[in-house]
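All remarks here apply to the structure that follows.
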Amino acid sequence: MHRGSILCIVHQRFSYPGRLGRLFMEQGFLLDVRCPQIGQALPETPEGYAATLMFGGPMSANDEHLPGIAKELRWLDQNLNSPTPFVGVCLGAQILARVLGAEVMLHPEGYVEIGYCPIEPTVEGKLYFPAPLSHVFQWHKEGFDTPAGTVSLAKGTAAFENQFFRYGQSAYGIQFHPEVTLQMLKRWTIGGAHMLDMPGAMPRDEQIANHAIYDPPFGDWAASFVDCVIAKAEALGACKQRSAA
């Protein structure tokens, strides 16, 4: 018997929830994957789901001319205060930041973050980092200002300082990519090879080598964060809503 369902919002036809999806499934949850960019509908509200995960993509949170992005901005704005936990990853975090009134923008000097980059928990964020974590996997060229009314949980380099924040009890924005597996990393560095020439991007071979070094603690962190989201869902009644639906 499953414990509930996770709404997974992706941005390309063949995208999938990677490690985060696997971790939720291992704990007894089903995945309901939707892609508004190809016309798939979103539920009116996240009620009945244990959590909502909104993943990354090549588009921008500023691309309101794209029907899928416009739909996601409206949907999140309408459901921001739902008791169902929300986790925005990369583009998903930037969409959350925009809904909260922050600016999402390119680095003024054209820098990107691609590869394993350092991260540091804030004082408020230490509870979310039960074990040391020095580097996380990044793949983005836009960043965002600190959204008003949020709690910063981790900081990155000066180029892209805002990395992890919480809004309210259970809405999280994560600039980095805890869902990425080695297979995904290899695919991204082929499909996005043109981005590896940008300042701040690490060479493909270096990224693959760093995966062996940094991914074991990163994977442990991802598992602990999934545990945190599930605990939030249970405390706020989201899992119970699904089982009663």
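Of everything listed in (1) part of a loop (DSSP other than H, G, I, E, B); (2) on the phi < 0 side of the Ramachandran plot, the single unmet condition for residue 127 is (1).
Out of 38, 9, which single residue is surrounded by 19 or more Cβ atoms within 10 Å (Cβ to Cβ) and either over 13 Å from residue 56 (Cα atoms) or not polar (S, T, N, Q) (or both)? Steps first, answer last, please.
Values: 38 fails: surrounded by 19 or more Cβ atoms within 10 Å (Cβ to Cβ).
The match here is 9.
Based on this model, can you work out whether residue 127 counts as farther than 22 Å from residue 188 by Cβ, under 15 Å from the mean Cα position of the chain (by Cα) and either surrounded by 15 or more Cβ atoms within 10 Å (Cβ to Cβ) or not charged (D, E, K, R) (or both)? Considered against the rule, which asks whether it is farther than 22 Å from residue 188 by Cβ, under 15 Å from the mean Cα position of the chain (by Cα) and either surrounded by 15 or more Cβ atoms within 10 Å (Cβ to Cβ) or not charged (D, E, K, R) (or both), residue 127 comes out as no.
If you go through region 45-91 one residue at a time, how many are in a strand (DSSP E or B) and touching a His at 6+ places or on another chain (Cβ under 8 Å)? It would help to see each step written out before you state the result.
At the first step, the residues of region 45-91 found to be in a strand (DSSP E or B) are 51-54, 86-89.
If we keep only those that are touching a His at 6+ places or on another chain (Cβ under 8 Å) too, we end up with 89.
Number of matching residues: 1.
In the condition set (1) within 23 Å of residue 100 (Cβ to Cβ); (2) touching a strand residue (DSSP E or B) at 6+ places or on another chain (Cβ under 6 Å); (3) buried (at least 20 other Cβ atoms within 10 Å of the Cβ), residue 170 is compliant with all but (2). Contact map, region 217-230: first residue closer than 19 Å to residue 119 by Cα, second residue of a type in the set (Ser, Thr, Tyr), Cβ cut-off under 9 Å, separation 6 or more or different chains; pairs are 217/134; 218/116; 221/128; 224/128; 225/128; 225/172. The set of residues from region 174-202 being in contact with a helix residue (DSSP H, G or I) (Cβ under 8 Å, 6 or more places away or on another chain), free of Cβ contacts under 8 Å to residues at least 40 places away in the same chain and closer than 24 Å to residue 109 by Cα comprises 189, 193.
When the residues of region 16-35 are filtered to those that are assigned to a loop (DSSP other than H, G, I, E, B) and modelled with pLDDT of 95 or more, the one that is surrounded by the fewest Cβ atoms within 10 Å (Cβ to Cβ) is 28. Can you tell me which residue in region 137-167 is surrounded by the fewest Cβ atoms within 10 Å (Cβ to Cβ), limited to those that are touching a Lys or Arg at 6+ places or on another chain (Cβ under 8 Å) and of a type in the set (A, V, I, L, M)? Restricting to residues being touching a Lys or Arg at 6+ places or on another chain (Cβ under 8 Å) and of a type in the set (A, V, I, L, M), the top hit is 151. Residues that are within 21 Å of residue 159 (Cβ to Cβ) and either assigned to a helix (DSSP H, G or I) or over 21 Å from the mean Cα position of the chain (by Cα) (or both) within region 186-201 comprise 188, 189, 194, 195, 196, 197, 198, 199, listed in sequence order.
The values are calculated or read from the model by the stated rules, or taken from the named source; none is laboratory data. Since this is a predicted model, take the numbers as computed values, not measurements. Every residue, glycine as well, gets a Cβ built from its backbone with ideal geometry; the counts of neighbours run over all protein chains shown.
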